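Scroll down for the structure; my scribbles are underneath it.
Bear in mind that the values in this text are calculations on the coordinates, not laboratory data. Predicted, not measured: the structure shown is a model, and the values here were computed from it. Here the Cβ positions follow ideal geometry from the backbone for every residue, glycine too, while neighbour counts run over all protein chains shown.
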Amino acid sequence: MVVLGVTGGIASGKSTVGRLLQARGAFIIDADQVARELLAPGQELTEKVIRAFGEAVKRPGGGLDRAAIARIIFADREARERLNRITHPPILAEIEKRIQQLRRSPAPPSVVAVILPLLFEAGAEGLVEKTLVVTADEPEQIRRLRQRDGLTEAEARQRIAAQMAIEEKIRRADWVLDTTRGEAATEVAVDAMWRGLAGSGPATATF
């Protein structure tokens, strides 16, 4: 069983790549989905975040107002780091637990793809054996963010700037996959990388 960490900048195409990997047989662990489960209304982690950031981030039903949190953390580096200190350890622990459960299963998948946007920022390289950095050029990231999240261009640029420089992520990666050219080209690149995971393609490459 190979554990592949899929990471990259915001709106770079990680979900698309994850879906294409799943179609080829990978088992997907999505860190954002794990986070949503651990930050559901009434969960201990949810209450810790509310205590740290105040009632302004609490929805009427007891859940978190993700938009309010985003406004706070993308405007304030210290707030962003505080949120990460609270949320990263339990999220990473749950991901590791799920990986180990798969390893112990009677028929473990050949590939587990962990989609973890902040893999390098969280120091989580030890959870995975190979890393794939998904990229898109900045104008395309901005276009996707504005279309997907309804952000202004300034807000989109602020969120891109808040993350680790993509050049540093690329330096640490085994594979780099650029999704700027669209899904058809991305699918061809995923096929080539998949062969690398199976041992019949390059162990490191940029697509």
For segment 160-179 the number of residues that are more than 26 Å from residue 196 (Cβ to Cβ) and touching a residue at least 60 places away in the same chain (Cβ under 8 Å) is 2
Those residues of segment 119-159 which are in contact (Cβ under 8 Å) with a residue 24 or more places away in the chain, surrounded by fewer than 17 Cβ atoms within 10 Å (Cβ to Cβ) and not charged (D, E, K, R) amount to 158
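I'd like to check something: does segment 182-197 contain any residue that is within 30 Å of residue 77 (Cβ to Cβ) and either in contact (Cβ under 8 Å) with a residue 12 or more places away in the chain or hydrophobic (A, V, I, L, M, F, W, C) (or both)?
no
Within segment 70-113, can you find the residues that are among the charged types (D, E, K, R) and in contact with a helix residue (DSSP H, G or I) (Cβ under 7 Å, 6 or more places away or on another chain)?
Those that are among the charged types (D, E, K, R) and in contact with a helix residue (DSSP H, G or I) (Cβ under 7 Å, 6 or more places away or on another chain): 80, 82, 94, 96.
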Only one of 50, 10, 73 is out of contact with any Gly (no Cβ under 8 Å at 6 or more places or on another chain) and under 30 Å from residue 188 (Cα atoms), namely 10
Residues in segment 19-34 that are buried (at least 16 other Cβ atoms within 10 Å of the Cβ) and under 21 Å from residue 123 (Cα atoms) total 5
Matching residues in segment 46-69 (crowded, with 18+ Cβ neighbours inside 10 Å, in contact (Cβ under 8 Å) with a residue 24 or more places away in the chain and part of a helix (DSSP H, G or I)) number 2
- Message: It is to be established whether one or more residues within segment 165-175 are exposed (fewer than 13 other Cβ atoms within 10 Å of the Cβ), among the aliphatic types (A, V, I, L, M) and over 16 Å from the mean Cα position of the chain (by Cα).
- Response: no
